[in-house]
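Participant: Sharing a structure, written as structure tokens. Questions coming.
The values are calculated or read from the model by the stated rules, or taken from the named source; none is laboratory data. Note that the structure is predicted; figures quoted are calculated from it, not measured. Using ideal geometry, Cβ is built from the backbone for each residue, glycine included, and neighbour counts are taken over all protein chains shown. Remember, those area values only see protein heavy atoms, side chains included, never the ligands or the DNA or RNA. Shrake-Rupley method; radii C 1.70, N 1.55, O 1.52, S 1.80 Å.
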Amino acid sequence: LPAARLIVVGRDKSQKHFQRLADFHGVSERISWLGVVSDMTAFYQSIDILLHPALYDPAPNVAMEAMAFGIPVVGADQTGIADFTACDGVFVVPEGKIEPMVSAVENAALLPISSRRLLQDAVRPYSRSYLVSKLRETYEGIQ
């Protein structure tokens, strides 16, 4: 994706390895390594697509947050992102497969505004109060 720009948020012990890999492939000028971001709202407002790199994440909050901003999400099929595949704008790809990921990012870039609004509607039921009540129900059920 020669026109794409990648913004990496967060911290990882393998970051230097990935930076060397980007240098090796000649794409480091198109990658920004931001580290930990304190203002996630501004970050979400600045991106077009969320590419969630986790190979396994049963409940990816970052994906739901992006969806709440109407941002299409691309992630691996072994993550909780797969639970939202009925939503237009959620793209699930097989772990470690580059071509399906590239295709998903290209399709996400073409997503119409109406689908972005549907992404927001899909996560609206999972408000903070809903999640708190579900946690309470779970813990009360354990006692």
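Participant: Any chance you could give the angle, 0 to 90 degrees and rounded to 10, that helix 15-24 forms with the longest Cα principal axis of the chain?
Facilitator: That works out to roughly 40 degrees.
Participant: Excluding residues on the same chain fewer than 8 positions from residue 97, give the aspartates and glutamates whose Cα lies under 14 Å from its Cα.
Facilitator: 77
Participant: Let me cross-check residue 140: its accessible surface, 1.4 Å probe, with only protein heavy atoms counted, in Å² to the nearest 10?
Facilitator: Here the accessible area works out near 120 Å².
Participant: Also, I was wondering about something else. Hey, if we sort 126, 139 by accessible area with the 1.4 Å probe, largest down, what's the order?
Facilitator: 139, 126
Participant: Using a cut-off of 18 Å between alpha-carbon atoms, which aspartates and glutamates can reach residue 16, once sequence neighbours fewer than 8 places away in the same chain are excluded?
Facilitator: 29
Participant: Let's test the formula: R0 of 25 Å, r as the Cβ-Cβ distance of residue 19 and residue 43. What FRET efficiency results, to the nearest 0.05?
Facilitator: Working: r = 20 Å, r/R0 = 0.80.
Calculated transfer efficiency: 0.80.
Participant: May I ask you to compute the full-extension gain from residue 117 to residue 86, defined as 0.36 nm times their residue separation minus their alpha-carbon distance, rounded to one decimal in nm? It would help to have the intermediate numbers written out before the result.
Facilitator: Working: separation 31, 0.36 × 31 = 11.16 nm, distance 1.42 nm.
My answer for the length gained is 9.7 nm.
Participant: Under 10 Å, Cα contacts only: if you run a Gaussian network model on the chain, which one of 131, 51, 110 comes out with the highest mean-square fluctuation?
Facilitator: Among 131, 51, 110, the largest GNM mean-square fluctuation belongs to 131.
Participant: Okay, next question. Can you pull the Kirkwood radius for the chain, inverse mean 1/r over Cα pairs, to one decimal in Å?
Facilitator: For the chain, inverting the mean 1/r across all distinct Cα pairs yields 16.5 Å.
Participant: Heavy atoms of the protein only, probe of 1.4 Å, neighbouring chains included. What is the accessible area of residue 17 in Å², nearest 10?
Facilitator: Only protein atoms counted, so the area is about 90 Å².
Participant: Evaluate the distance, in nm, between pseudo-label points positioned 7 Å from the Cα of residue 52 and of residue 127 along their respective Cα→Cβ axes.
Facilitator: 2.2
Participant: Mind ranking 28-41, 84-97 by how tightly packed they are, going by the mean number of other C-beta atoms within 10 angstrom, highest first?
Facilitator: 84-97, 28-41
Participant: Moving to a separate point now. Just from its helices, what would the mean residue ellipticity at 222 nm be for the chain, if runs of 4 or more DSSP H residues each count -39500 (n - 2.57) and the sum is divided by every residue, rounded to the nearest 500 deg cm²/dmol?
Facilitator: On the way: 6 runs with 62 residues, N = 143.
Helices in the chain give a 222 nm mean residue ellipticity of -13000 deg cm²/dmol.
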